[in-house]
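**Q** The structure that follows is given in the form of structure tokens.
The values are calculated or read from the model by the stated rules, or taken from the named source; none is laboratory data. Because the structure is a prediction, the values reported are computed rather than measured. Here the Cβ positions follow ideal geometry from the backbone for every residue, glycine too, while neighbour counts run over all protein chains shown. Please note that ligands, DNA and RNA were not included when accessible areas were found on the heavy atoms of the full protein model with its side chains. Shrake-Rupley method; radii C 1.70, N 1.55, O 1.52, S 1.80 Å.
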Amino acid sequence: MKSKYSPVLKIKEQKMSDIEIRLFNARSHKSLLEAQLASIKDDLAHEKLPSSGDFGTMQLFSFTHAQRIDESKLLKQKIIVANGKITELENEYKEAYKECEKIKFLHNTEVKNMLKKIEKKNQAQLDEIAVMGYFRRNKKNEF
């Protein structure tokens, strides 16, 4: 049954759905960053210092090693930012959920009131029909 809160409720539910989608995307992005970080950490753990070679080889190794360390630091920062975004979206979702529940309560209350009014109206009509039937039966008995 529709009430004056039905359109508002629909909008609130749509907002919650949008937040859920953004939250899912943020969580999957964080998982991707964590997988990249794990891969870099694994590469760094299995990386071996060259045992022989010239100075250029040593410099190249040192450069790539430092680059991977910098990349892992950058990924850690991105993960921290992603955690902040996830927390922000979770709080936004909680607020949207509360708002939606308030509107649902108002909607349900109004629907219950509407149903009570309809029930009273139907009861009054049934009473009127019963009274009319009673008078018809009494009129037939009088004649």
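**Q** Considering MET58, MET132, MET114, which residue is over 22 Å from LYS15 (Cα atoms) and within 31 Å of the chain's Cα centre (by Cα)? Break it down into steps so the answer makes sense when it comes.
**A** Working: MET58 fails: within 31 Å of the chain's Cα centre (by Cα); MET132 fails: within 31 Å of the chain's Cα centre (by Cα).
Being over 22 Å from LYS15 (Cα atoms) and within 31 Å of the chain's Cα centre (by Cα) holds for just one of MET58, MET132, MET114, which is MET114.
**Q** Still on this structure, please answer the following. Please name all residue pairs, on different chains or six or more residues apart, with Cβ atoms under 8 Å, provided the first residue is in segment 11-30 and is under 15 Å from ALA82 (Cα atoms) and open to solvent by less than 80 Å² (accessible area, probe 1.4 Å) and the second residue is assigned to a helix (DSSP H, G or I) and of a type in the set (Lys, Arg).
**A** ALA26/LYS85
**Q** Another question, if that's okay. Would you mind finding the one in SER52, SER3 that is without any contact (Cβ under 8 Å) to a residue 12 or more places away in the chain and either open to solvent by 100 Å² or more (accessible area, probe 1.4 Å) or not charged (D, E, K, R) (or both)? Reasoning before the result, please.
**A** Numbers: SER3 fails: without any contact (Cβ under 8 Å) to a residue 12 or more places away in the chain.
One residue alone meets the criteria, SER52.
**Q** Confirm whether LYS139 is open to solvent by 70 Å² or more (accessible area, probe 1.4 Å) and at pLDDT 95 or above. Steps first, answer last, please.
**A** On the way: open to solvent by 70 Å² or more (accessible area, probe 1.4 Å): yes; at pLDDT 95 or above: no.
So LYS139 does not fit the description; no.
**Q** Another one. Given the condition open to solvent by 70 Å² or more (accessible area, probe 1.4 Å) and more than 30 Å from LEU37 (Cβ to Cβ), answer yes or no: does some residue in segment 84-94 qualify?
**A** Looking for residues that are open to solvent by 70 Å² or more (accessible area, probe 1.4 Å) and more than 30 Å from LEU37 (Cβ to Cβ), one finds none in segment 84-94, hence no.
**Q** Taking only segment 60-78 into account, find how many residues are open to solvent by less than 100 Å² (accessible area, probe 1.4 Å) and either in contact with a helix residue (DSSP H, G or I) (Cβ under 9 Å, 6 or more places away or on another chain) or farther than 28 Å from ALA26 by Cα (or both).
**A** 12
**Q** Pick out the one residue from SER62, SER52 that is among the polar types (S, T, N, Q) and not in a helix (DSSP H, G or I). Spell out how you get there, then give the answer.
**A** Numbers: SER62 fails: not in a helix (DSSP H, G or I).
Among SER62, SER52, only SER52 is among the polar types (S, T, N, Q) and not in a helix (DSSP H, G or I).
**Q** Check whether at least one residue in segment 69-87 is over 23 Å from the mean Cα position of the chain (by Cα), among the basic types (Lys, Arg), more than 30 Å from ASN108 (Cβ to Cβ) and modelled with pLDDT of 95 or more, and report yes or no.
**A** Kept after step one, since they are over 23 Å from the mean Cα position of the chain (by Cα), are these residues of segment 69-87: 69-77.
This time we only want the ones that are among the basic types (Lys, Arg), so: 73, 76.
From what is left, the residues that are more than 30 Å from ASN108 (Cβ to Cβ) are 73, 76.
Going one step further and asking which of them are modelled with pLDDT of 95 or more, we end up with 73, 76.
Scanning segment 69-87, I find at least one residue that is over 23 Å from the mean Cα position of the chain (by Cα), among the basic types (Lys, Arg), more than 30 Å from ASN108 (Cβ to Cβ) and modelled with pLDDT of 95 or more, so the answer is yes.
**Q** Taking ALA35 and the conditions (1) open to solvent by 90 Å² or more (accessible area, probe 1.4 Å); (2) aliphatic (A, V, I, L, M); (3) within 32 Å of the chain's Cα centre (by Cα), which numbered condition does it fall short on, given that it satisfies the others?
**A** So the condition that ALA35 fails would be (1).
**Q** In segment 40-49, which residues are surrounded by 11 or more Cβ atoms within 10 Å (Cβ to Cβ) and not in a helix (DSSP H, G or I)?
**A** The first filter runs over segment 40-49 and keeps only residues surrounded by 11 or more Cβ atoms within 10 Å (Cβ to Cβ), leaving 40-41, 43-44, 47.
The one that is surrounded by 11 or more Cβ atoms within 10 Å (Cβ to Cβ) and not in a helix (DSSP H, G or I): GLU47.
**Q** Now a separate question. Residues to consider are LEU23, LEU49, LEU32; find the one that is at pLDDT below 95, hydrophobic (A, V, I, L, M, F, W, C) and either out of contact with any His (no Cβ under 7 Å at 6 or more places or on another chain) or within 20 Å of TYR93 (Cα to Cα) (or both). Working first, answer last.
**A** Values: LEU23 fails: at pLDDT below 95; LEU32 fails: at pLDDT below 95.
From the options LEU23, LEU49, LEU32, the qualifying one is LEU49.
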